[in-house]
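Asker: Take a look at this one; I'll ask things after.
Throughout, read-outs are computed from the coordinates displayed, never taken from laboratory work. Not measured: the values here are computed from a predicted model. Here the Cβ is made from the backbone with ideal geometry for all residues, glycine too, and neighbour counts use every protein chain on show.
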Amino acid sequence: MIINYSTHSLVRIRERGLSKEMVGKVISNPDRLVQIEELKKAFKQFDDSVVVVVYKEINNIPFIITAYRSTDTKRYLK
């Protein structure tokens, strides 16, 4: 899968201990997906936390804006 990343997202992914592989898993098979105008938020649970990826699609290719992990799984997976 081709995925494009903003510079911001690459910095945040590294700072937050995530990986590009994990981001790919979230957007290819999310537990929950929310669309707000042109932005999409994909949520996937990993063990006791949820990874959130915010992106938009440009020519059907995901462009990652940011990604983060939260332990508040109830908030994101309702």
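Asker: For a label point 7 angstrom out from the Cα of I61 toward its Cβ, which stretches of segment 1-35 have the backbone nitrogen within less than 11 Å?
Answerer: 2-5
Asker: Oh, and also: Per residue of segment 39-44, what does 6.51 cos²θ - 1.76 cosθ + 1.60 with θ = phi - 60° give for ³J(HN,Hα)? Whole Hz please, x for Gly and Pro, Karplus curve as stated.
Answerer: After applying 6.51 cos²θ - 1.76 cosθ + 1.60, I find 8, 10, 10, 10, 10, 8 Hz.
Asker: Let me ask another. What GluC sites (Glu not before Pro) does segment 5-78 have in DSSP loop regions with at most 10 other beta carbons within 10 Å?
Answerer: Of the GluC sites (Glu not before Pro), the ones in loops of segment 5-78 whose Cβ has at most 10 other Cβ atoms within 10 Å are E37, E38.
Asker: Which percent of Cα pairs goes in each bin when the distances of the chain are cut into 10 angstrom slices starting at zero?
Answerer: Going out from 0 Å in 10 Å bins, the chain shows 20, 57, 22, 1 percent.
Asker: For R32, enumerate residues with amide H under 5 Å from its amide H, sequence gap 5+ or separate chain, H modeled in the peptide plane.
Answerer: Here the answer is F43, since their amide H atoms fall under 5 Å of that of R32.
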